[in-house]
Every structure is written in structure tokens, then in C-alpha cells.
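The values are calculated or read from the model by the stated rules, or taken from the named source; none is laboratory data. Here the structure is a predicted model, which is why all the values come from computation and not from measurement. So basically every Cβ, Gly included, is an ideal-geometry build from the backbone, and we count neighbours across all protein chains shown.
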Amino acid sequence: MDDVDHDAGMVSINKTWDYKNDSGFMPTKTKSSIREIPLNDDFIKFVDHLPPTKDGRLLPPYQIMA
């Protein structure tokens, strides 16, 4: 996934997933939602072992309980 910078240990948050309509990635609601989050080494190792999803998400879909 190109949003995870393994060398810098950062993930870029620059889009959101539309769970309501299941229409895929969408722009964030506001510009202030775009940010970078530091990741620790254990999480990066975990991410490296995840199989890729067909739709480009890092993690498989899950059900939202209402």
C-alpha cells in the first residue's frame, strides 16, 4: 500500500472509505483530515505480512454494528 512509508515509519491519511454506499475510497471531508501518523516498528512488521486486498485496503472489510 503506497500510503505506508516503511522507511520513515509513517502512514499517510489522505482519503476515507465509503462504508455507507460501499463505493470505495473518497476524499476526506476536510483538508484538516489529511495527516501523517507515526508507526512503531512492530506495527510496520505486522503490515508487511498482510496479504493485499483486491480493493487496495490494508485490512479486510468488517461489519459495522448499528
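Data for the structure
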{"read-out": "Index of the failed condition, LEU58 passing every other in (1) at pLDDT below 85; (2) surrounded by 10 or more Cβ atoms within 10 Å (Cβ to Cβ); (3) out of contact with any helix residue (DSSP H, G or I) (no Cβ under 7 Å at 6 or more places or on another chain)", "value": "(3)"}
{"read-out": "Cross-chain or 6+ apart pairs with Cβ under 6 Å, the stretch 3-28 first and among the polar types (S, T, N, Q), then in a loop (DSSP other than H, G, I, E, B)", "value": "SER12/ASP3; ASN14/ILE34; THR16/THR28; THR28/ILE34"}
